Amino acid sequence: MADDFAADVLICGAGAAGLTLAIDLARQGASFRLIEKLDDPFRGSRGKGIQPRTQEVFENLGILNKVVAAGGLYPKQREYRDDGSYADSDVVVAEPPTPDEPYHQPLMVPQFLTEQVMRERLTELGHRPEFGCELLGFSQNEEGVTARLATKNGEETLRVRWLAGADGGQSFVRHTLEIGFPGKTLGVRAIVADVTLSGLSRDVWHRFGEGDMERQISVCPLAGTNLFQIQGPIPLVAEIDLSAEGLTNLFAARTGKSDIVVHAVS
Ligand SMILES: Cc1cc2nc3c(=O)[nH]c(=O)nc-3n(C[C@H](O)[C@H](O)[C@H](O)COP(=O)(O)OP(=O)(O)OC[C@H]3O[C@@H](n4cnc5c(N)ncnc54)[C@H](O)[C@@H]3O)c2cc1C
């Protein structure tokens, strides 16, 4: 009996990779479903640097202008010395564009804004991610894949020609297929937090204790928002208080400054 496919492609994961594939399939008129286990879009800023090559992909997807409008350029970075003095420098050395590299500067766009622009593009093409829908398991044969999903309305089994695992670094699809991920683990643990705070200006990327893993902490104003992104290494095993008060205390401990106050953690 011929297979009865619910769609050509099931895309597992509606992050940057899944949305990219979905936009590309949508504009080619392919049939697909894009599922995401989170109930709502991811809210973190983590991938805030849109590299030149990514900008070329975004131009191709028809979203570069909107991504540019959503964010901005990197400010200068300000490295503070222990005596309170500081030095400003460019984060990236500006170089002229070339035919091979038409976009020559990274943009700063918090990842949640980039993904919002991508979802809007997908909506223009008549599709949207299915949030609250998790891939629980799958099996495959020569013709296609049978996938088991947990949806808001209960479990669902569907048959597709292809399954695309766009489910991130810990990929369930990759683990199930026992595909390796060669590389090395750096043995560094860090926090990334998006916050509102007072006591620091928004015109530079503030960097304290550079090179000292116990004191290093940086605060970057996030273009297109009123938020700052805090980044800093933390001990491999310690409990870290990520509340506004806890982060305020972390600043005081690392910088000696008590006038940097975190008001809310996004
Ligand atoms: C601190 C930090 C800073 C970074 N800075 C940059 C930067 O400056 N520039 C840059 O380009 N990149 C940066 N990155 C990397 C960037 O964030 C990732 O490359 C990007 O998020 C990868 O996208 P993805 O779609 O592959 O995976 P993800 O963004 O992880 O998305 C995968 C999605 O799959 C979903 N999912 C997982 N399992 C299932 C399942 N079983 N069923 C359904 N859905 C599932 C997850 O909920 C998730 O939403 C940074 C990353 C970090 C952590």
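The values are calculated or read from the model by the stated rules, or taken from the named source; none is laboratory data. Bear in mind the structure is a predicted one, so any value in this text is a computation, not a measurement. Glycine also receives a Cβ, built like all others from the backbone with ideal geometry; neighbour counts cover every protein chain displayed. Surface areas here come from the heavy atoms of the whole protein model, side chains and all, with no ligands, DNA or RNA. Shrake-Rupley method; radii C 1.70, N 1.55, O 1.52, S 1.80 Å.
Restricting the range 172-208 to residues that are within 16 Å of the ligand (Cβ to nearest atom) and in contact with a Pro (Cβ under 9 Å, 6 or more places away or on another chain) leaves a set whose member that is farthest from residue 237 (Cα to Cα) is 205.
Among the residues of the range 171-200, count how many are open to solvent by 50 Å² or more (accessible area, probe 1.4 Å) and closer than 25 Å to residue 43 by Cα. Matching residues across the range 171-200 total 5.
If you go through the range 223-266 and keep only what is small (Gly, Ala, Ser), farther than 27 Å from residue 67 by Cα and in contact (Cβ under 8 Å) with a residue 12 or more places away in the chain, you end up with 243, 244. In this structure, residue 170 does satisfy being out of contact with any Ser or Thr (no Cβ under 9 Å at 6 or more places or on another chain) and polar (S, T, N, Q). Of all the residues that make up the range 170-205, how many are farther than 28 Å from residue 12 by Cβ, among the polar types (S, T, N, Q) and more than 22 Å from the chain's Cα centre (by Cα)? Going through the range 170-205 one residue at a time, the tally reaches 2. Within the range 104-123, does at least one residue satisfy the condition of being more than 12 Å from residue 55 (Cβ to Cβ), in a loop (DSSP other than H, G, I, E, B) and open to solvent by 70 Å² or more (accessible area, probe 1.4 Å)? Checked the range 104-123: no residue is more than 12 Å from residue 55 (Cβ to Cβ), in a loop (DSSP other than H, G, I, E, B) and open to solvent by 70 Å² or more (accessible area, probe 1.4 Å). Being open to solvent by 40 Å² or more (accessible area, probe 1.4 Å) and within 11 Å of the ligand (Cβ to nearest atom) is the filter here, so list the residues in the range 139-150 that pass it. Scanning the range 139-150 gives a single hit, 148. If the condition is being among the charged types (D, E, K, R) and either open to solvent by less than 70 Å² (accessible area, probe 1.4 Å) or under 16 Å from the mean Cα position of the chain (by Cα) (or both), then the range 54-78 contributes 56, 78.
Candidates are the residues of the range 58-111 that are farther than 24 Å from residue 123 by Cβ and of a type in the set (S, T, N, Q); the one that is farthest from the ligand (Cβ to nearest atom) is 85.
Among the residues that make up the range 112-132, is at least one of them of a type in the set (A, V, I, L, M), under 25 Å from residue 195 (Cβ atoms) and touching a residue at least 60 places away in the same chain (Cβ under 8 Å)? The answer is yes; a qualifying residue exists.
Residues of the range 249-265 include at least one that is exposed (fewer than 13 other Cβ atoms within 10 Å of the Cβ) and of a type in the set (A, V, I, L, M). Pairing each residue of the range 87-99 that is surrounded by 10 or more Cβ atoms within 10 Å (Cβ to Cβ) with any residue that is of a type in the set (Ser, Thr, Tyr), provided the two are 6+ apart or on different chains, yields C-beta distances under 8 Å for 91/74; 92/74; 97/103. For the range 33-48, a residue qualifies if it is under 27 Å from residue 219 (Cβ atoms) and either open to solvent by less than 30 Å² (accessible area, probe 1.4 Å) or modelled with pLDDT under 95 (or both), and the qualifying residues are 42, 43, 44, 45, 46, 47, 48. Condition check: in a strand (DSSP E or B), more than 9 Å from the ligand (Cβ to nearest atom), open to solvent by 40 Å² or more (accessible area, probe 1.4 Å) and under 20 Å from residue 21 (Cα atoms). Does residue 161 satisfy that? For residue 161, the condition - in a strand (DSSP E or B), more than 9 Å from the ligand (Cβ to nearest atom), open to solvent by 40 Å² or more (accessible area, probe 1.4 Å) and under 20 Å from residue 21 (Cα atoms) - is met. The residues in the range 142-155 that are more than 23 Å from residue 25 (Cα to Cα) and not in a strand (DSSP E or B) can be counted, and the count is 2. In the range 1-46, the residue that is farthest from the ligand (Cβ to nearest atom) out of those that are in a helix (DSSP H, G or I) and closer than 14 Å to residue 128 by Cβ is 26.
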